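Down below is the structure, laid out as structure tokens.
The values are calculated or read from the model by the stated rules, or taken from the named source; none is laboratory data. Values in this document were obtained by computation on a predicted structure and should not be read as measured data. Glycine gets a Cβ as well: all are built from the backbone with ideal geometry, and neighbour counts include every protein chain shown. The protein model used for the area step is the full one, side chains on, heavy atoms only, and it has no ligands, DNA or RNA in it. Shrake-Rupley method; radii C 1.70, N 1.55, O 1.52, S 1.80 Å.
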Amino acid sequence: MHFQWYPGHMTKARRMMQENIKLIDLIIELVDARAPLSSRNPDIDELGRGKARLIVLNKADLADERSNDVWVEYFRAKGCSAVKVNSKKGGGIKSIQSVIQEACREKTERDRRRGIMNRPVRAMVAGIPNVGKSTFINALAGKACTKTGNRPGVTKGKQWIRLNKNVELLDTPGILWPKFEDQQAGLKLAFIGSIKDEILQTEELAAELVKFLEESYPGVLAGKYGIQESGDGYQRLEEIAVNRHCLVRGNELDTEKAAAILLDDFRGGRLGRITLETPDAGEV
Ligand code: G4P
């Protein structure tokens, strides 16, 4: 799902988040494990002030396993609960319920001290488009859980998914808007397909990806496309075009198609597990 963000969309998304945040105890913030900082929303800290927070590094199957662990530690050191998951295949999903309990322990204990017993924890999933919110909710909800309708104590018009006797999840995720102001973040979001390719031309974007891969994951392009790894990004695209027989008008190289193939291979994990940023790249 791709979005064109206009100020009106952002205002609406923010208003929806503000409304829903009032109803919940815990924000489950989904980020893309390949770019955990760039795929975070800058405003979530302010919007979610006072709420328990769980950071889910989703699409962990596409990211470097060592980097996943580094990122989990990074967020934990910042005082957030953090886990890595693969929502598509269900990896890591089983442990989520106990992580949710853990993330809300302070709140549950506060309730208990006030004599409120067994009030379920209410949670909502939030994240920028395409980060995997729907897939995650489906994986978490599975088939076994029951949806709760409009019953006393449940806000009218809101659907909650009862995960177990202790946890209820809002069935619609909060959509957050991506970072626009930071060019480096924008580039990574374009690599992972979270913002439209039109931000940069496909070839320009692919040439940037080539540059990143050659610096950070040497050997990956050579292994996948049998090409040399030196020279500029556009030359590499030409070599990929040769390797993948991308031609237009007889035998002119179609570097635009080669660029699309490269981006598609990266997004689909066919270049291997790759992480685009490390914690020292910036602050949360
Ligand atoms: P959203 O609600 O946040 O917008 O995201 P959504 O769940 O629609 O997921 C966006 C894309 O990311 C989907 O791919 C989905 O399958 C994929 N995805 C979600 N979680 C994971 C994960 O943990 N690992 C991997 N590898 N992929 C994940 P799609 O191509 O749009 O759809 P489909 O062809 O997979 O159905």
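Write down the accessible area per residue of the chain in Å², having rolled a 1.4 Å probe over the full set of protein chains. Can you show the working numbers first?
Details: 14410 Å² over 284 residues.
On a per-residue basis, the chain sits at 51 Å².
Helix-only estimate, please: 222 nm mean residue ellipticity of the chain, summing -39500 (n - 2.57) across DSSP H runs of length 4 or more and dividing by its residues, to the nearest 500.
For the chain, the value works out to -11500 deg cm²/dmol.
For a test of the definition: using alpha carbon positions, the gyration tensor, and the 1.5 limit on a/c, classify the stretch 1-109 as rounded, prolate or oblate. If you can, show how the numbers build up before the last one.
Details: a/c = 1.83, a/b = 1.17, b/c = 1.56.
Since a/c reaches 1.5 but b/c is at least a/b, the shape of the stretch 1-109 is classed as oblate.
Helix 255-267 sits at what angle to the longest principal axis of the chain, using alpha carbons and giving 0 to 90 degrees rounded to 10?
Long axis of 255-267 versus the principal axis of the chain: about 30 degrees.
May I have the extent of the alpha carbons of the stretch 1-41 along their three principal axes, as whole Å values ordered from largest to smallest?
Its Cα atoms span 30, 29, 17 Å along the three principal axes.
Just to be sure I understand: with springs between alpha-carbon atoms less than 10 Å apart, which residue in P120, P129, P173 has the highest mean-square fluctuation in the Gaussian network model of the chain?
Residue with maximal mean-square fluctuation among P120, P129, P173: P120.
With the crude spin-label approximation of a point 7 Å out along Cα→Cβ, what separation in nm comes out for R110 versus F180?
Computed distance between label sites R110 and F180 equals 3.4 nm.
Please identify which residues in the stretch 1-44 have an amide N closer than 15 Å to a label point set 7 Å out from the Cα of K196, following the Cα→Cβ vector.
1-10
What does the extension gain come out to for N138 and D43, with contour length at 0.36 nm per residue minus their alpha carbon separation?
31.6 nm
Please compute the modelled spin-label separation between K22 and E252, points set 7 Å along Cα→Cβ, answer in nm with one decimal.
Simple spin-label model gives 6.0 nm for this pair.
Taking the Cα atoms of the stretch 51-107, what is the range of coordinates along each of the three principal axes, in descending order and whole Å?
34, 22, 14
List the lysines whose Cα sits under 19 Å from the Cα of K165, skipping any in the same chain fewer than 8 residues away.
Counting by Cα, and skipping residues close in sequence, K165 has these lysines nearby: K94, K107, K143, K147.
For H245 and E215, what does the FRET efficiency come to when R0 = 35 Å and r is the distance between their Cβ atoms, rounded to the nearest 0.05?
Taking R0 as 35 Å, the efficiency between H245 and E215 is 0.80.
Check G174: other-chain or 5+ apart residues with amide H under 5 Å from its amide H, H built from backbone geometry?
Here V125, A126, G127 satisfy the definition.
For all pairs of alpha-carbon atoms in the stretch 244-284, what percent lies in each bin of width 10 Å, listed from the first bin to the last filled one?
Answer for the stretch 244-284: a P(r) of 25, 30, 26, 13, 5, 0 percent.
Among R110, R273, R53, which one shows the highest mean-square fluctuation when the chain is modelled as a Gaussian network with alpha-carbon springs under 10 Å?
Between R110, R273, R53, it is R110 that shows the largest mean-square fluctuation.
With labels modelled as points extended 7 Å from the Cα through the Cβ direction, what inter-label distance (nm, one decimal) is found for S230 paired with R270?
Taking the simple label geometry, S230 and R270 are separated by 2.9 nm.
With a 10 Å cut-off between alpha carbons and a GNM built on the chain, which of L221, L263, L169 moves the most?
L221
Determine Rg/Rh for the chain; Rg is computed over alpha-carbon atoms and Rh is the Kirkwood hydrodynamic estimate from the same atoms.
Values: Rg = 21.1 Å, Rh = 20.4 Å.
Rg/Rh: 1.04.
Ignoring any ligand, DNA or RNA, what whole percent of the accessible area of the stretch 15-148 comes from carbon and sulfur when the probe is 1.4 angstrom?
Values: 2980 of 6310 Å².
Of all accessible area on the stretch 15-148, carbon and sulfur atoms account for 47 percent.
Using Stokes-Einstein with the Kirkwood hydrodynamic radius over Cα pairs, what translational diffusion coefficient do you get for the stretch 175-284 at 10 °C and a viscosity of 1.306 mPa s, in µm²/s rounded to a whole number? Walk me through the numbers on the way to the answer.
On the way: Rh = 14.6 Å.
For the chosen part, D equals 109 µm²/s.
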